[in-house]
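S.K.: Below is one structure. I have some questions about it.
The numbers here are math on the coordinates, done by the rules we state, and not lab data. Remember, it's a predicted structure, so these values are computed and weren't measured experimentally. Cβ placement follows ideal geometry from the backbone for every residue including glycine, while neighbour counts extend to all protein chains displayed.
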Amino acid sequence: MSEPSSSSTPSDFDQFYTATAKRLVAAVYAATGDLAEAEDAVQEAYARAWQRWDRLTAEGDPTPWVRTVALRLAVSSWRRARNRMRAHFRHGPPPDLPDLAPDRVALIHALRGLKPEQRTAVVLHHLLDLPIEQVARETGVSSGAVRTRLSRARKTLGSHLADADAGAVAGANAEAPAPHPPTCHPKGVPSHG
């Protein structure tokens, strides 16, 4: 790996990494649903940014470049399959993760139900608060395509999350059984006695 020239310093890169890494991992995790894969993709994106640090900082804010590289790395099916197999052979199955709040589990499940391009648009626009025009630039599509993806994703997410809420409410509102079974009057009208 080559080091940047003297116009930027390692501390510039360190500050950039410290300020942006956590949020980028969260965004890529939201897009992929796999924390280990998100961390790997983000780490690789920062390594590539380090190699081009002078050029990236000369062009302006390097954040969009790093984010685009991380998201592209994360959605590569070949890389996903290769990394999973390597990790499994190296370390065995992944450890159990601590329980997440039910609303987070429902959101992650709903995001996994989206098409990858819709999920990426949702993460960039709603989780990272990027304007539609910037999402379009970073994903290489028109603003209209981003709006369509967001609209379809919201519709799908809405139905998934509404179903999850309805199931939770139905479970919480289930009536307790009556203390006595109902008895029937001669005309077949139940009486709760």
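S.K.: Sort the following peptides by mean Cβ neighbour count (other Cβ atoms within 10 Å, averaged over residues), highest first: 127-137, 66-76.
M.R.: Result, highest mean first: 66-76, 127-137.
S.K.: Okay, moving on. Indicate the gyration tensor shape class of the range 9-83 (rounded, prolate or oblate), computed on the Cα atoms with a ≥ b ≥ c the square roots of the eigenvalues: a/c under 1.5 is rounded; otherwise a/b larger than b/c is prolate and the rest oblate.
M.R.: Prolate shape, in that a/c is at least 1.5 and a/b is the bigger ratio.
S.K.: On to the next question. Rounded, prolate or oblate: pick one for the range 100-168, where a ≥ b ≥ c are the square roots of the eigenvalues of its C-alpha gyration tensor, a/c under 1.5 means rounded, and failing that, prolate if a/b is larger than b/c, else oblate.
M.R.: prolate
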